[in-house]
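A short worksheet on the structure shown next.
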Amino acid sequence: MTQFHERQIRLVHELMYQIKVKEVMTREVITYPPTVTFREVQLCLKKRRFSGTPIVADGRLVGIVSIDDIITAFDHGAIDRPVQEFMTRTLVTVPQSYSVIAASNLFHKYGFGRLPVVSRPGSDELVGIVTFSDILSHLLLKINSIAERVEEYERATAARMEQRRDQLHFEIAADSFDKAGVAATLTKRRLQAHGVPPDLVRRIAVICYEAEMNVILHSLGGYMDVEMLPDRVRVLVADEGPGIPDIEKAMLPGYTTASEKIRALGFGAGMGLPNIKRCADEFHVTSSMEAGTELEATVFLPAARPGSTPPAAPVPPTAPVPAPQGGVL
Amino acid sequence: MTVEQLVAALGLDPLHLGDAATREVTTAYCGDLLSDVMAHCQPGAVWFTVQAHINTIAVAELRDMACIVLVNGVSPDPQTTARAKAQGVILCGSERSSAQLCMELAGRLGEGQAG
């Protein structure tokens, strides 16, 4: 037997111990009083394709009439006699609180097709009837739902793996002007490939570009991580220092510590951090002269925005930034 | 107005047109501070600037601009032109200033869209 089969059988066994008779039994039982004739019972069994029916008197289970009993009655010319004369009185019952493995063992031991279910051990109060096929159908349902859960789990795991792969990491060297914009451009391409709406792609690209330029222009080097999650894109940038002496000042538009040479290239407008803050839904920056600067900016994707469509669906681009203050014709 | 039409209308020097010269120009922006351009330039713009280095290309690419026009006769170094080609960014040049070019362009954007 393969390991797979052993595992399957262990599962079925475990389930048969877990499932109780009351979960699988039929509660609406057709019963007859002891005074009914064998012929009436025979007609009912034929019509409903049952192999036997319980006989109940004063709410107590007193016997069972099976097809065998009817044949015996026929042999004795008693087909029109009341069933109490020939019915099976030594009853095998199963309490409703027992596991279906107990019922299954009884089916196996006696070769019965059905078992009357009683309210508790030793009781003759009939509460239902159970057949082997009741147990089988319930088992199949359980196994099916377990299989579905396993599938769901596997899908979720695969999705998590997918997410983990959707992380970009860039090392950024100080003064590497020739590499400037590379991290932002690669991030933009990846977001476009993911179907992120163009306006959000542009906002994230601005964040990445400004953060990248800050590391190149003002730090001793650092890195940028871009995490693409189903509901958000998170940009984390850290550098090795020397740190921002006064973050509040650095957040003021126009405030710059850039050198003349850097400004001549069009950098150092003192707008880097304010630009990042304006493009991000969430923005944090911490800095110390010892540990350097750490910046975290998050942009939420449409799935996480109220009343919006999922990222896969095309979303018309909208202007993400305030109207330009000049220069547009 | 397409980039091709813009080049003809302003008499621009097409430094690198590539295969996207039919791209639509919808607006314009003048600016030499890259962060300011990043913040305010709209997608589909023609960008007039004196900044002729590879970061100019990165900014245009990131903001989805229609094309860059290097003004005042500024010419790009070979590295910058190479980057423009590699990233499919349209690069033009002109001897005139941003202001002169904008004045000439004034009112002409949007032509051909309405009709």
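Among A:LEU115, A:LEU140, which is the only one that is open to solvent by 80 Å² or more (accessible area, probe 1.4 Å) and within 39 Å of the chain's Cα centre (by Cα)?
A:LEU140
Cβ contacts < 7 Å: first residue within 12 Å of chain A (Cβ to nearest Cβ), restricted to segment B:59-80; second residue polar (S, T, N, Q) and open to solvent by 30 Å² or more (accessible area, probe 1.4 Å), any location; separation 6+ or different chain. Result?
Within 7 Å, the pairs are B:GLU61/B:GLN87.
So B:ASP19 fits all but one of (1) modelled with pLDDT of 90 or more; (2) more than 20 Å from A:ALA205 (Cα to Cα); what number is the exception?
For B:ASP19, the exception is condition (1).
So B:ARG63 clears everything in (1) surrounded by 22 or more Cβ atoms within 10 Å (Cβ to Cβ); (2) in contact with a Ser or Thr (Cβ under 7 Å, 6 or more places away or on another chain) except one condition, right? Which one?
B:ARG63 satisfies every listed condition except (2).
For segment B:92-107, check the following and say yes or no: at least one residue is assigned to a loop (DSSP other than H, G, I, E, B) and among the aliphatic types (A, V, I, L, M).
Yes.
Return the total of residues in segment B:3-49 being at the interface with chain A (Cβ under 8 Å from one of its Cβ atoms) and in a loop (DSSP other than H, G, I, E, B).
The qualifying residues number 6.
The values are calculated or read from the model by the stated rules, or taken from the named source; none is laboratory data. Values in this document were obtained by computation on a predicted structure and should not be read as measured data. In this analysis, Cβ positions are derived from the backbone assuming ideal geometry, glycine residues included, and neighbour counts consider all displayed protein chains. Note: areas computed on protein heavy atoms with side chains; ligands, DNA, RNA excluded. Shrake-Rupley method; radii C 1.70, N 1.55, O 1.52, S 1.80 Å.
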